[in-house]
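Participant: Encoded as structure tokens, here's the structure I'll be asking about.
The values are calculated or read from the model by the stated rules, or taken from the named source; none is laboratory data. Note that the coordinates shown come from a computational prediction; the quantities given were computed from them, not determined experimentally. Glycine gets a Cβ as well: all are built from the backbone with ideal geometry, and neighbour counts include every protein chain shown.
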Amino acid sequence: MMVCEYKPGLEGIPAAESSISFVDGQKGILEYRGIRIEELASKSTFLETAYLLIWNELPTKEQIAEFEEEIRMHRRIKYRIRDMMKSFPESGHPMDALQASAAALGLFYSRRDLHNPIYIRDAVVRLLATIPTMVAAFQLMRKGNDPVRPHDELDYSGNFLYMLNEKMPDPLAARIFDVCLILHAEHTMNASTFSARVTASTLTDPYAVVASAVGTLGGPLHGGANEEVIQMLEEIGSVENVRPYIEDCIQRKAKIMGFGHRVYKVKDPRATILQDLAQQLFAKFGHDKYFDIAQEMERVVEEKLAHKGIYPNVDFYSGLVYRKMGIPTDLFTPIFAIARVAGWLAHWKEQLEENRIFRPTQVYNGRHAVSYTPIEQR
Ligand code: ACO
């Protein structure tokens, strides 16, 4: 057997062949199934993008209408799941609540007919439809309120904002939220997607696949950076404080949150789109000093760190957008999960099509031939 060099974090080692998404980090290009993210953000919807990611083609008018209707029909969560969620501690993180609830879905649909397209379609519909309801339900229940029933007249994103805020959503806010979901739907072989594929490769059910990916996304090195961006902007507090803050970070070799990316060495194309969305949101709902602070940060970081390829990433502006929509900070990562379910399901389906169980090797660096010491002699 060929012995490969060990790479911490498997950096640069392909974990799969995939035709779902493509990133060119030098040119700042992101494509889903070959279509540029800018085009999808301006012309598509999240559900159409999810369909594209999962079934590899843009749907026809009839196909998208049928898909949207199926999702609409499956938005409500079972009362037993709701009752289970009611017993979760209010102080628990919404990502943990989401992981437990997604896993619990598997109890209701334990049949694994993984090569049947109808089973795959049902699982896709059920997960895309119910994950936003679970996130909104936990948010209301932890405040001591009953969850709100999904609104049949509203589209995917409008309905989520309605369930979360208990009022009809503003159309611009709903459209901007939908674009945020498109931007976060998929991003090649990141940690949670890898986790989803490893779990999928054992031929377990898709609810376990999504639950394991949610658990992986929850960590601060992956999905949690946009929460930290908000804390940082609040700490900086004014445009005048930006330059000294950044100079201090550079001097202490501290990472500036929302900047830098393992793959992108230019500005993340999703950050450019989000910056524009933030501008639209602030124009309609009132100016926000944190947006000015963010713009100044981008200018100063570019001046100081562009030579290292450090530019804003997707997390830099997304938190500002969600904050302006009144969404609590600890829901930012669950919202990332609502979007990324589309990518995880696309990878689940792709993994099943050419499955081989993941079974990497390791470099053993422990002891050998050690004799057992009786407990009295230790
Ligand atoms: N602020 C200041 N300097 C930075 C930053 C940053 N945010 N990111 C990287 N650098 C510098 C490093 O100090 C290093 O400098 P050096 O060569 O002088 O030592 C150089 O750029 C390379 O940095 P690495 O840490 O090796 O880059 P890596 O590719 O491993 O890290 C990462 C990428 C983890 C995203 C990093 O940029 C970071 O921690 N950013 C802040 C957190 C963040 O915003 N995460 C969200 C990423 S997007 C997402 O996950 C959805």
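Participant: Of everything in region 311-340 that's more than 10 Å from the ligand (Cβ to nearest atom) and not in a helix (DSSP H, G or I), which residue is nearest to Gln280 (Cα to Cα)?
Facilitator: Result: Met325.
Participant: Further question on the same structure: Of the residues Arg80, Arg112, which is in contact with a Leu (Cβ under 9 Å, 6 or more places away or on another chain), basic (Lys, Arg) and under 20 Å from Val209 (Cα atoms)?
Facilitator: Arg112
Participant: Right, another one. Could you count how many residues in region 288-310 are more than 10 Å from the ligand (Cβ to nearest atom), touching a residue at least 40 places away in the same chain (Cβ under 8 Å) and surrounded by fewer than 16 Cβ atoms within 10 Å (Cβ to Cβ)?
Facilitator: Final tally of qualifying residues: 2.
Participant: Condition (residue is modelled with pLDDT under 95, in a helix (DSSP H, G or I), of a type in the set (Phe, Trp, Tyr) and on the phi < 0 side of the Ramachandran plot) applied to region 290-306: is it met by at least one residue?
Facilitator: So far as region 290-306 goes, yes, one or more of its residues are modelled with pLDDT under 95, in a helix (DSSP H, G or I), of a type in the set (Phe, Trp, Tyr) and on the phi < 0 side of the Ramachandran plot.
Participant: Next question, about the same structure. Just for region 253-287: of the residues that are of a type in the set (Lys, Arg) and within 14 Å of the ligand (Cβ to nearest atom), which one is surrounded by the most Cβ atoms within 10 Å (Cβ to Cβ)?
Facilitator: Arg270
Participant: Next question. Here are the criteria: (1) in a loop (DSSP other than H, G, I, E, B); (2) closer than 27 Å to Gln351 by Cα; (3) modelled with pLDDT of 95 or more. Tell me which single one Ser91 does not satisfy.
Facilitator: Result: Ser91 fails condition (2) only.
Participant: Moving on to the next point. Can you name the condition, by its number, that Met2 falls short on among (1) aliphatic (A, V, I, L, M); (2) modelled with pLDDT of 95 or more; (3) farther than 30 Å from Pro150 by Cα?
Facilitator: The number of the failed condition is (2).
Participant: Further question: Select from region 273-289 the residues that are in a helix (DSSP H, G or I) and either among the polar types (S, T, N, Q) or out of contact with any Leu (no Cβ under 8 Å at 6 or more places or on another chain) (or both) and list them in ascending order.
Facilitator: Gln275, Asp276, Leu277, Gln279, Gln280, Phe282, Ala283, Phe285, Lys289
Participant: Quick one: in region 121-158, of everything that is of a type in the set (Lys, Arg) and more than 12 Å from Arg75 (Cα to Cα), which residue is surrounded by the fewest Cβ atoms within 10 Å (Cβ to Cβ)?
Facilitator: Lys143
Participant: Say we look at region 217-234 and pick out the residues that are assigned to a loop (DSSP other than H, G, I, E, B) and within 10 Å of the chain's Cα centre (by Cα); which of these is farthest from the ligand (Cβ to nearest atom)?
Facilitator: Step by step, filter region 217-234, then rank; the result is Gly218.
Participant: Follow-up question, since we're still on this one. Select, from Ile250, Ile246, the only residue that is within 8 Å of the ligand (Cβ to nearest atom), more than 23 Å from the chain's Cα centre (by Cα), at pLDDT 95 or above and β-branched (Val, Ile, Thr).
Facilitator: Ile250
Participant: State yes or no: is Gln351 over 22 Å from Thr272 (Cα atoms) and either under 27 Å from the mean Cα position of the chain (by Cα) or outside the structural domain of Ile230 (by TED's automatic domain parsing) (or both)?
Facilitator: The answer is yes for Gln351.
Participant: Right, here's the next one. Keeping to region 127-154, report how many residues are under 26 Å from Ala211 (Cβ atoms) and either of a type in the set (Asp, Glu) or touching a Gly at 6+ places or on another chain (Cβ under 9 Å) (or both).
Facilitator: Summing the residues that are under 26 Å from Ala211 (Cβ atoms) and either of a type in the set (Asp, Glu) or touching a Gly at 6+ places or on another chain (Cβ under 9 Å) (or both) in region 127-154 gives 3.
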